[in-house]
Amino acid sequence: MRIKEIDIARGFTVFIMPGVHALMLYGNNAARTSWLGMIFGFLAEGPGAPLFMFLMGTSFYFSKRKNLLPVLKRAAGLLTVAYLLNFLKFALLQLFHVLPGDFIKDYGISKGNKGVWELLLTGDILQFATIALVVLGLINKIKWRYAISLSLIFIIVIISPITTGFEANYLLDLFTAEHGLVFFPVFPWLVYPLAGFCSIYLLKKKNGFWVCFYCGIMLLGISFFLSQLYDIPLTENFYRSRPVATTYHLGVVLMWLWLCHIAIKIIEPGMICKLFYWLSKNILSIYIIQWPIVCWLLPVAGYRVNDIIQTAIWMMFVSFLSFMIMYLYEWLIKKELKYAQR
């Protein structure tokens, strides 16, 4: 069973992903605070990383490997890829002393081999996805899986401000880190894949996306009300958001899914839809391809030194190169298969 709205939503996330990372690392302050920066900033923090992890939860339902042993094997493979990617995108550059000095300063990276080790152990989204996958595999074995998932969502939203910042060791940092190179701690990010896992119960129903709309409106209303009442910014500290901000991001994700549903109803299927379907199918591969490209171009593009025009050009170039490498890889595989069948 395929749900077109999920493919479109996931494909769009992949479409903006290389550009978001290029803007984040190449654009100067003026570019990052410009209209371009605000648009891509919203997309990254709404239908970007939170949606990326939300859809991981929905995808788990369709996976053929939902038994615990295959899930653990898949998680081990994903974790291996996560640290290999850390080596390729940052640690390798530090090993050859080509990372820009301002980048090292901004992220508090040590000099020499210690810095290589710190970058190798960066806690990025794939490290978090590995933990989330194991959690989903365990929950899926429980009878009241959806009720337990909803309960965990509520608990995580509430306790995340308490756990955040409690540093003891690297493993615990992946769950609660306040400082260091851990960008997606389990608290509060586990909310999104758990919500995606629960959402499949609704999305299979005829009016499921309208339920997403009403839930999204409710969550956005609650978050805006509490934000004004307690003077809490909704976009503050994105990676370690407080309950109001987490609720806001979850509301945006649900509303975005509803918008994808409306778009499919209104717009005739065409090349854009086919592109998004293709990107959705290759989400992990493109994620792995685009990060080394973005990072290896840092010595050439410069770290946060480009104006809005230069940044936009770099964003388009990085996106085109990432997608083209994926396309050529698929083309070569198909050619190899045809040759082998002769």
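The values are calculated or read from the model by the stated rules, or taken from the named source; none is laboratory data. Everything numeric here is computed off the predicted structure, so don't read it as measured data. Ideal geometry is used to build each Cβ from the backbone, glycine not excepted, and the neighbour counts take in all protein chains shown. We work out accessible area using only protein heavy atoms, side chains counted, and drop any ligands, DNA or RNA first. Shrake-Rupley method; radii C 1.70, N 1.55, O 1.52, S 1.80 Å.
On the basis of the beta-carbon distance and an R0 of 25 Å, Tyr214 and Phe62 show a calculated FRET efficiency of 0.55. For the chain, relative contact order (Cα pairs under 8 Å, six or more residues apart, normalised by length) works out to 33 percent.
Pairs from the list Lys4/Lys143; Lys204/Lys265; Lys4/Lys265; Lys66/Lys143; Lys64/Lys274; Lys89/Lys114 with a Cα-Cα gap above 19 Å: Lys4/Lys143; Lys64/Lys274. Selection among Ala9, Tyr277, Pro233 by position relative to the dipole of the chain gives Tyr277 as farthest towards the positive end (Cβ unit charges, Cα centre).
The aspartates and glutamates whose alpha-carbon is closer than 14 Å to the alpha-carbon of Lys111, local same-chain residues fewer than 8 away aside, are Asp102. Simple point charges give the picture: +1 on the Cβ of Lys and Arg, -1 on the Cβ of Asp and Glu, and for the chain a dipole about the Cα centre of about 1640 debye. Taking all Cα pairs closer than 8 Å and separated by 6 or more residues, the relative contact order of segment 209-308 comes to 27 percent. Exposed loop sites are taken as chymotrypsin sites (Phe, Trp or Tyr not before Pro) in a DSSP loop (any state but H, G, I, E or B) with at most 10 other beta carbon atoms within 10 Å; the longest stretch of the chain without one runs 145-342. Averaging 1/r over each pair of different alpha-carbon atoms in the chain and inverting the result gives 21.1 Å, the Kirkwood hydrodynamic radius. In this calculation the C-beta distance from Leu150 to Ile232 is compared with R0 = 35 Å, giving a FRET efficiency of 0.90.
Relative to the Cα centre, the charge distribution of segment 70-166, modelled as +1 at Lys and Arg Cβ and -1 at Asp and Glu Cβ, gives a dipole magnitude of about 440 debye.
Solvent-accessible area per residue in the chain equals 51 Å², computed with a 1.4 angstrom probe and all protein chains kept. Please find, in a Gaussian network model of the chain (springs between Cα atoms separated by less than 10 Å), the residue of Leu203, Leu250, Leu229 whose mean-square fluctuation is greatest. Its mean-square fluctuation being the largest, the pick is Leu229. Full extension of the chain between Lys265 and Ala30 gives 80.8 nm of extra length, using 0.36 nm per residue less the Cα-Cα distance.
The modelled label-to-label distance between Lys4 and Lys141, using points 7 Å beyond Cα along the C-beta direction, is 3.9 nm. One decimal place: the segment Phe225-Thr80 gains 47.9 nm when fully extended, by the rule 0.36 nm per residue minus the C-alpha distance.
For segment 222-323, give the magnitude of the charge dipole about the Cα centre (Cβ charges: +1 Lys/Arg, -1 Asp/Glu; no others), in debye to the nearest 20. Walk me through the intermediate numbers first.
On the way: 6 positive and 4 negative charges, 53 e Å.
For this selection, approximately 260 debye.
Selection among Leu78, Leu126, Asn140 by position relative to the dipole of the chain gives Asn140 as farthest towards the positive end (Cβ unit charges, Cα centre).
Residues considered: Leu120, Leu95, Leu43. Largest GNM mean-square fluctuation over the chain, using C-alpha springs under 10 Å, is found at Leu95. Which of the DSSP-defined H helices in the chain satisfy a minimum axial length of 30 Å, computed from C-alpha atoms, and a minimum mean Kyte-Doolittle hydropathy of 0.0? Those that clear 30 Å and a mean of 0.0 are 4-26, 208-230, 243-266, 308-341.
Here the chain exposes an accessible surface that is 69 percent carbon and sulfur, computed with a 1.4 Å probe and the other protein chains kept in place.
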